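Worksheet: one structure, shown below.
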Amino acid sequence: TQVGYKIEVVSRPLGSVGFVKQPQRYVVERTFAWLGRYRRHSRDYERYTQSSEAMIKISSIHRMLRLLKPDPLKQPVPFKYRELQGNVTG
């Protein structure tokens, strides 16, 4: 390839049934989720691919900087289960 990346498609192991954890899939899915939080990545706003690539790099740098120096005034939101509506039996 031109930029030195090698793409490898990982398939399910033969004879596997149900969910099987893939080695690097979580890392890739998590990264896509982080990048998807930026509005400019939600649609194809950019005219040129170089602009889109630059925005992904800027978003990644922003994410890394926030991890290195978190905002002390921003309180983490505690996890809360969604309340069920109505009477649930079962």
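Can you tell me which residue within the range 21-43, out of those that are in a loop (DSSP other than H, G, I, E, B) and at pLDDT below 80, is surrounded by the most Cβ atoms within 10 Å (Cβ to Cβ)? Let's see the steps before the verdict.
As a first pass, look at the range 21-43 and keep what is in a loop (DSSP other than H, G, I, E, B): 21-24, 37-38, 43.
Those still in the list that are at pLDDT below 80 too: 21-24, 43.
Details: Lys21: 6, Gln22: 12, Pro23: 7, Gln24: 9, Arg43: 7.
Checking each candidate, the answer is Gln22.
So that you can scan it fast, the table gives a plain yes or no per residue for (1) exposed (fewer than 10 other Cβ atoms within 10 Å of the Cβ); (2) in a loop (DSSP other than H, G, I, E, B); (3) at pLDDT 85 or above:
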| residue | (1), (2), (3) |
| --- | --- |
| Gln50 | yes, no, yes |
| Ala54 | no, no, yes |
| Ser59 | no, no, yes |
| His62 | no, no, yes |
| Leu73 | yes, yes, yes |
| Pro76 | yes, yes, no |
| Phe79 | yes, yes, no |
| Leu84 | yes, yes, no |
| Thr89 | yes, yes, no |
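Going by the structure shown, is Glu46 part of a loop (DSSP other than H, G, I, E, B) and surrounded by 10 or more Cβ atoms within 10 Å (Cβ to Cβ)?
Working: part of a loop (DSSP other than H, G, I, E, B): yes; surrounded by 10 or more Cβ atoms within 10 Å (Cβ to Cβ): yes.
It is true that Glu46 is part of a loop (DSSP other than H, G, I, E, B) and surrounded by 10 or more Cβ atoms within 10 Å (Cβ to Cβ).
List the pairs whose first member sits in the range 41-66 and is touching a residue at least 60 places away in the same chain (Cβ under 8 Å), whose second member is surrounded by 14 or more Cβ atoms within 10 Å (Cβ to Cβ) and outside any helix (DSSP H, G or I), and whose Cβ atoms are under 6 Å apart, counting only residues at least 6 apart or on separate chains?
Qualifying pairs under 6 Å: none.
The values are calculated or read from the model by the stated rules, or taken from the named source; none is laboratory data. For clarity, every value in this text was computed on a predicted model and none was experimentally measured. Cβ sites come from the backbone with ideal geometry, for glycine too, and all protein chains shown count toward neighbours.
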